[in-house]
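The values are calculated or read from the model by the stated rules, or taken from the named source; none is laboratory data. Only a predicted model underlies this, so the values are computations on that prediction, with no experimental measurement involved. Glycine also receives a Cβ, built like all others from the backbone with ideal geometry; neighbour counts cover every protein chain displayed.
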Amino acid sequence: MFSLGIIAGLVAMLCWGVADFIQALLVRKLGSPKVMFFSNVIGLILTFIFVFAYINRGGTFQLSMFIITWIVVSGLIEALAAYFFMKSFEEGEVSIVAPISAAYFFITAILSFLFLSETMSVTKILAIFAILGGITLVSTDLSKIHHVTSVKGVKEALLAMLFWGIYFFMLGILKKDLLGGNGTLEWRTHTAIIIFLLTGISNGVFMIILSLLKKGITTAGDLSGKLVLPAFFANMVFYTVAWLSVNYGLIFEEVSVVTSVSSLYPAITVLLAGIVLKEKLVTNQKIGLFFLFAGIVLISI
């Protein structure tokens, strides 16, 4: 029986996988900076709507200087991770850099074990390595590896992996500080909402600043295509649900577990590419899917 945290991680995995697929189509049309700019403008609008709704329902924000500083710093780290992720795809082979950047959960698991006193049983270690191997196999067509003529983008992918790993670890610290000793369902839900709203604002602001530095202002002409606006809104809805789910999951489960499960999103993207774009799964990708599902089962034990 999956815990609530693992279920939330699976929801995030599904939504991130769909959102990344939609975003890939938008990037092909408009380029990464413009997609980053307009997506985060929409994201901030949605976040502020949530904030006003939360306040109208009696919600409050009681924040210490530590929490405010921590959220700002984590927002900068998330923006850097996204920037290096974008750069890795601009400069390198997707089949090489994708599985590297998606392995950020490995960094989070190590940091959580060292500094958050999270458990690291034999079963959990096996699950983490199964997921790591599954991501690598499902994101790579091994038959095309010999066509790779350079290792460009690998450095950027490693930096994205590092920054995302640190970012989710920081969310674990934030969770621990906000929860305190109160483990009631009501307080856990309140904490998840607070983290979701505040990190959403911080992340969105830094992302917009970054896209402006990259000259990524989206114009009316960029949005004139028939399905462009619906795709942007669908993309942000999926991303919003993913972030809400992963923050909710972090409150009910160890950080290393939730990030391990949610990082399986490349499998969803690959499956969608096969269904929509008629891209066939090669043998190693099918094996990778098996390892991913095996990892989910193991980590839920």
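Looking across Gly274, Gly221, Gly225, Gly288, one residue alone is at negative phi and at pLDDT 85 or above. It is Gly221.
With respect to Leu171, is the statement that it is at pLDDT 90 or above and of a type in the set (A, V, I, L, M) true? The answer is yes for Leu171. Residues in segment 52-72 that are surrounded by fewer than 17 Cβ atoms within 10 Å (Cβ to Cβ) and among the hydrophobic types (A, V, I, L, M, F, W, C): Phe52, Ala53, Ile55, Phe61, Leu63, Met65, Phe66, Ile68, Val72. Restricting the first member to segment 117-141 and to residues that are farther than 12 Å from Ala294 by Cβ, and the second to residues that are outside any helix (DSSP H, G or I) and modelled with pLDDT under 80, the beta-carbon pairs closer than 7 Å and six or more apart or on different chains are Ile135/Ala102; Ser139/Ala102; Asp141/Val282.
Pick out the one residue from Gly204, Gly153 that is modelled with pLDDT of 90 or more and either under 26 Å from Gly43 (Cβ atoms) or out of contact with any Cys (no Cβ under 9 Å at 6 or more places or on another chain) (or both).
Going through Gly204, Gly153 in turn, just one is modelled with pLDDT of 90 or more and either under 26 Å from Gly43 (Cβ atoms) or out of contact with any Cys (no Cβ under 9 Å at 6 or more places or on another chain) (or both): Gly204.
Screening Ser211 against (1) surrounded by fewer than 23 Cβ atoms within 10 Å (Cβ to Cβ); (2) farther than 30 Å from Thr119 by Cα leaves a single unmet condition, (1). You will find that of Tyr104, Tyr83, the residue that is buried (at least 19 other Cβ atoms within 10 Å of the Cβ), more than 15 Å from Leu171 (Cβ to Cβ), within 20 Å of the chain's Cα centre (by Cα) and modelled with pLDDT of 75 or more is Tyr83 and no other.
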